[in-house]
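Below is one structure, written out as structure tokens; comments come after it.
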Amino acid sequence: MRWPSLAAHRRSCAAVALATVGLVACSGVVDEPGAANSVAEPSTPGRLARIQVVLQPPDEAPGDEPALEITARFVQYRGLDLAAVRARVDLPPLVVDRLRVGQCVASEQVWLGEDEPAARDAGGSRELVLLDAGNVAVQIGDASIDLPLSLVPDLLPYMSGVAYDHVSETLPARAWPQGEPSPSALQITVEGAGDDELPGFTVGARIPEAVVLQATPSPDRGSLLLEWRPDGRGQPVVFRLSSFIGSEPAGDEITCLFSDAGSQRIDLDDLRAAGLDISGDTLRIGTSRLARRRFAAGELFTREHAEAVVEVRSATFVSWP
């Protein structure tokens, strides 16, 4: 299969956007703690934008997860429910939007049963366009990362556009130098589409502190005490627990959402009922702190539909007594 040129594809995406909705240019950035899950009226396109940066501190022990992942999507859709759109463009809801504080479930259940109302076009037509926003770059410390742009495969007749993704096994040396204080913020620069309909903009976002966790299991494997230092923001912390026998995973991974209070005792019988296998010899506890900031880019993406998310991950391993 021969792909069209990137320039031709960008022009076609812009034409689709023009035919779909008229726009007026403006831009702004605001801080908001909540997520944007609004669904547009059936007669108008729905919109969804997220720029997400996932970091792992350089002093973390090497693992299976990349040290840096960045994704950006600028989505316009019609005739599809929001859950289907998120699945198609790889923008799942965040754990903090799916679980209540204190809840633990099998990780695969976090993405199931999404309670999004359906929005169907009156004419029954479907359209899903990932818009070209020009060059997108993320500045972390003294390092600037340009996000590669790729064409969306034409596997579905109603889906087209471009996606931004960057994955690296290591952080750029100047982003988070070892032995130096961790960066407290990053900056995202979006060039825009080169016209007034999707103007360029810059948004800053906080980089949360990594969780430094101490985990103490009870001798009978009945409970697990988690202790860490709160970062003072009052935002919940995500915990992911998985068991291993040697190097092989055992049972289900469990995701929990706890308040950032500095300590949490977990009843392991409850987690066993949720699918955790504690008969293994090692327990991996992954943690995530998230910071979120809504942004606006013209009338196409208002702050109700667009957000920047920064997630800092760390991991602790526990050997059972």
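The values are calculated or read from the model by the stated rules, or taken from the named source; none is laboratory data. Bear in mind that the values here come from a model prediction, so they are computed numbers and not experimental data. Ideal geometry is used to build each Cβ from the backbone, glycine not excepted, and the neighbour counts take in all protein chains shown. What goes into the accessible areas is simple: the full protein's heavy atoms, side chains included, and nothing from ligands, DNA or RNA. Shrake-Rupley method; radii C 1.70, N 1.55, O 1.52, S 1.80 Å.
So here's what we get for this one:
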item	result
Viscosity 1.567 mPa s, temperature 4 °C, Stokes-Einstein D of the range 141-235 from Kirkwood C-alpha radius, µm²/s	71 µm²/s
Residues with amide H under 5 Å from that of residue 307, placed H, sequence gap 5 or more	49, 50, 51, 295
Overall form of the range 150-303 per C-alpha gyration tensor (a/c, 1.5; a/b vs b/c)	prolate
Spin-label model distance (nm) - residue 169 vs residue 195, 7 Å beyond Cα toward Cβ	4.3 nm
Karplus-derived HN-Hα couplings along the range 257-270 (A = 6.51, B = -1.76, C = 1.60, θ = phi - 60°), whole Hz, x at Gly and Pro	10, 10, 5, 7, 8, x, 7, 7, 9, 10, 7, 5, 5, 5
Fully extended contour minus Cα-Cα distance, from residue 244 to residue 216, at 0.36 nm per residue	8.4 nm
P(r) histogram, all alpha-carbon pairs of the range 235-303 included - 10 Å bins from 0, percent	18, 37, 21, 12, 10, 1
Gain on full stretching of the segment that runs from residue 277 to residue 97 - 0.36 nm per residue minus C-alpha separation	62.2 nm
Phi-based couplings in Hz for the range 301-318 (Karplus 6.51, -1.76, 1.60; Gly and Pro marked x)	10, 8, 5, 6, 10, 9, 8, 10, 10, 10, 10, 10, 10, 8, 9, 10, 10, 10
Net lengthening on full extension, residue 185/residue 304 (0.36 nm per residue, minus Cα-Cα)	40.6 nm
Heavy-atom accessible area per residue - the range 237-280, 1.4 Å, Å²	43 Å²
